[in-house]
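Report on the structure given below.
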Amino acid sequence: MNPLRSSVLSALLPPGVVVVGTRVGLPVLAMATLRLSSSSSFFAYQQQKVGLTAPQRPPSSFASTSPPPPLVVCSIPDRHHLPLSHSSAEASSGRISLGFCTRQSVGFCTRQQSWNRNLAVVAAAASVTEVGGGGSSSTISREEVVREDDPTNNVPDTVFGKIGLQLHNRKSHPLGILKNAIYSYFDETFPGVFHKVDNLLPIVSVKANFDDVLTPPDHVSRSYNDTYYVTADTVLRCHTSAHQAELLRQGLTHFLVTGDVYRRDAIDATHYPVFHQMEGLRVFTQQEWEAAGMDGTALAAQELKKTLEGLARHLFGDVQMRWVDTYFPFTDPSYELEIFFQGKWMEVLGCGVTEQQILCNNGCAGTTAWAFGLGLERLAMVLFDIPDIRLFWSNDSRFTSQFKSGQLGTKFKSFSKYPPCYKDISFWISDEFSENNLCEIVRGIAGDLVEEVVLIDEFTNPKKGKTSHCYRIAYRSMERSLTDDEINALQAEVRQQVESKLKITLR
């Protein structure tokens, strides 16, 4: 068997499992389990080779000159260790049968190809991913999302690899715990009233994502620098508000929508290209506001604040609160709810009274409504003391074992703090340069090994009329110490791709 890169071993093997031999050219494990990590550990050792060789030789019928058989890669939402089984037909074809559950990502590639490709691609090299659940799942192929022949497409493999994982639907994950705590509040406060949706497809039309919620045509969020476009007319949703109009047209008047959302963004401890939101909306009829002796807008605003103040107390206890006037294109008036927590004011969510145009456009003329949206990661990081947003995607049992279903606010105990490695990159920028594009390249190469990308110096040469930026890239694994060799290899690839893709001049 060819030597295996430690990146793949790190991803596939549970702790203590070793390769003991081969079967039709595939590794045979000492334990009959197989695991795949979709986190950075999958491609953490991108360039490093290890000399693990099976003590047993492959069968003589499998000639060394033959191409290696396909390797089945799957992404398991609940991070289970699954039984490994081989049927005769599968063994003869060189495939492993995993008997996987729902929402899996499955990809086929030869081992030789996978060793030589960027392992970030291999980690997300699923040819199909199943999203949804509860009888309403759908299958999406990689070719439908990562359209390499479509110049309007800017979705990388690393982002496609997150589709269908649905962290918010894992009962013992911090995001799932928080989601269910919010559900519990609404169930207790409004028994049987709110319809809950948490498995809608993340690919939506530009109309649903922007137009239906009255996003201005020139709004920055429509930019290719900020949004993942699948085609010129479809995107990976930027917010759960993308489903608001659809659900109103279906006749729903009280609903909560939870899901993964996607944005091209900075790289730091609080930003990630995939995160999770919850959207809530409640419609009021004319009969309701007349019975209350108020106009529709006043009743909606009053009930909105009452409902969300109760939610804040449910999650954070008896905290001081304040309402801040703000602007959103889809609500008027619009507010942000802030709480005084751990010695400072913190934004909890944004909300407001739904614009009449949205209601009229979707079959709800003559009504009013309130709506709110909150980020699950933002709140979970505070409630569970999670210092880095990348941890939500970790498979490390030292992280996942700390949280239990129904236990809101369990404080995360750091299990390691490995040292960062800093690398600087300086270049003359072009007029088209965007920092988000730089971050996409760095993430695509280093995955979750990159902790932060920050601009540390900027100057303009008056003679040349050129502007130079210097960015500091912090590499740090949450699971192990990084070596100089692997960081140097990552940085070299970053420099090469930044120069070729961003049309800049390195200094």
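Quick look at the values:
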{"quantity": "Complete set of residues in region 233-288 that are of a type in the set (S, T, N, Q) and open to solvent by 20 Å² or more (accessible area, probe 1.4 Å)", "calculated": "234, 250, 253, 270, 277, 285, 286, 287"}
{"quantity": "Residue check for residue 214: free of Cβ contacts under 8 Å to residues at least 60 places away in the same chain, open to solvent by less than 50 Å² (accessible area, probe 1.4 Å) and either aromatic (Phe, Trp, Tyr) or out of contact with any Lys or Arg (no Cβ under 6 Å at 6 or more places or on another chain) (or both)", "calculated": "no"}
{"quantity": "One residue from 456, 473 being over 24 Å from residue 414 (Cα atoms) and either in contact (Cβ under 8 Å) with a residue 60 or more places away in the chain or part of a strand (DSSP E or B) (or both)", "calculated": "456"}
{"quantity": "Residue 408, sole failed condition from (1) open to solvent by 30 Å² or more (accessible area, probe 1.4 Å); (2) hydrophobic (A, V, I, L, M, F, W, C); (3) in contact with a helix residue (DSSP H, G or I) (Cβ under 6 Å, 6 or more places away or on another chain); (4) under 24 Å from residue 157 (Cα atoms)", "calculated": "(4)"}
{"quantity": "Which numbered condition residue 399 misses (of (1) among the aromatic types (Phe, Trp, Tyr); (2) assigned to a helix (DSSP H, G or I); (3) in contact with a strand residue (DSSP E or B) (Cβ under 6 Å, 6 or more places away or on another chain))", "calculated": "(3)"}
{"quantity": "Selection within region 243-267 - closer than 18 Å to residue 222 by Cβ and among the β-branched types (Val, Ile, Thr)", "calculated": "261"}
{"quantity": "Any hit, region 259-270, residues being over 26 Å from residue 153 (Cβ atoms) and touching a Pro at 6+ places or on another chain (Cβ under 8 Å)", "calculated": "yes"}
{"quantity": "Residue that is buried (at least 17 other Cβ atoms within 10 Å of the Cβ), under 25 Å from residue 388 (Cβ atoms) and modelled with pLDDT of 90 or more, where the choices are 486, 479", "calculated": "486"}
{"quantity": "When residues of region 264-285 are limited to those that are in a loop (DSSP other than H, G, I, E, B) and of a type in the set (S, T, N, Q), the one nearest to residue 367 (Cα to Cα)", "calculated": "285"}
{"quantity": "Residue list for region 290-318, filter: closer than 17 Å to residue 331 by Cβ, open to solvent by 20 Å² or more (accessible area, probe 1.4 Å) and touching a residue at least 24 places away in the same chain (Cβ under 8 Å)", "calculated": "297, 303, 305"}
{"quantity": "Filter pass, residue 213 being within 24 Å of the chain's Cα centre (by Cα), at pLDDT below 95 and over 22 Å from residue 162 (Cβ atoms)", "calculated": "no"}
{"quantity": "Odd one out for residue 158 among (1) surrounded by 16 or more Cβ atoms within 10 Å (Cβ to Cβ); (2) over 13 Å from residue 202 (Cα atoms); (3) at pLDDT below 90", "calculated": "(3)"}
{"quantity": "Sole exception among (1) assigned to a loop (DSSP other than H, G, I, E, B); (2) of a type in the set (A, V, I, L, M); (3) within 29 Å of residue 228 (Cα to Cα) for residue 482, by number", "calculated": "(3)"}
{"quantity": "Count of residues meeting criterion [open to solvent by less than 70 Å² (accessible area, probe 1.4 Å), of a type in the set (S, T, N, Q) and over 26 Å from residue 390 (Cβ atoms)] in region 432-472", "calculated": "3"}
{"quantity": "Boolean, residue 354 is in contact with a helix residue (DSSP H, G or I) (Cβ under 8 Å, 6 or more places away or on another chain) and of a type in the set (Val, Ile, Thr)", "calculated": "yes"}
{"quantity": "Those residues of region 187-243 which are in a helix (DSSP H, G or I) and either more than 24 Å from residue 153 (Cβ to Cβ) or of a type in the set (Val, Ile, Thr) (or both), in sequence order", "calculated": "187, 188, 189, 206, 213, 220, 240"}
{"quantity": "Condition met for residue 424 (under 21 Å from residue 267 (Cβ atoms), among the acidic types (Asp, Glu) and part of a strand (DSSP E or B))", "calculated": "yes"}
{"quantity": "Residue in region 286-296 that is in a loop (DSSP other than H, G, I, E, B), among the small types (Gly, Ala, Ser) and farther than 30 Å from residue 173 by Cβ present", "calculated": "yes"}
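The values are calculated or read from the model by the stated rules, or taken from the named source; none is laboratory data. Computed from a predicted model, the values in this text were never measured in an experiment. Virtual Cβ from ideal backbone geometry, glycine too; neighbours counted across all protein chains shown. Side chains are part of the model used for accessible areas, which takes the heavy atoms of the whole protein and leaves out ligands, DNA and RNA. Shrake-Rupley method; radii C 1.70, N 1.55, O 1.52, S 1.80 Å.
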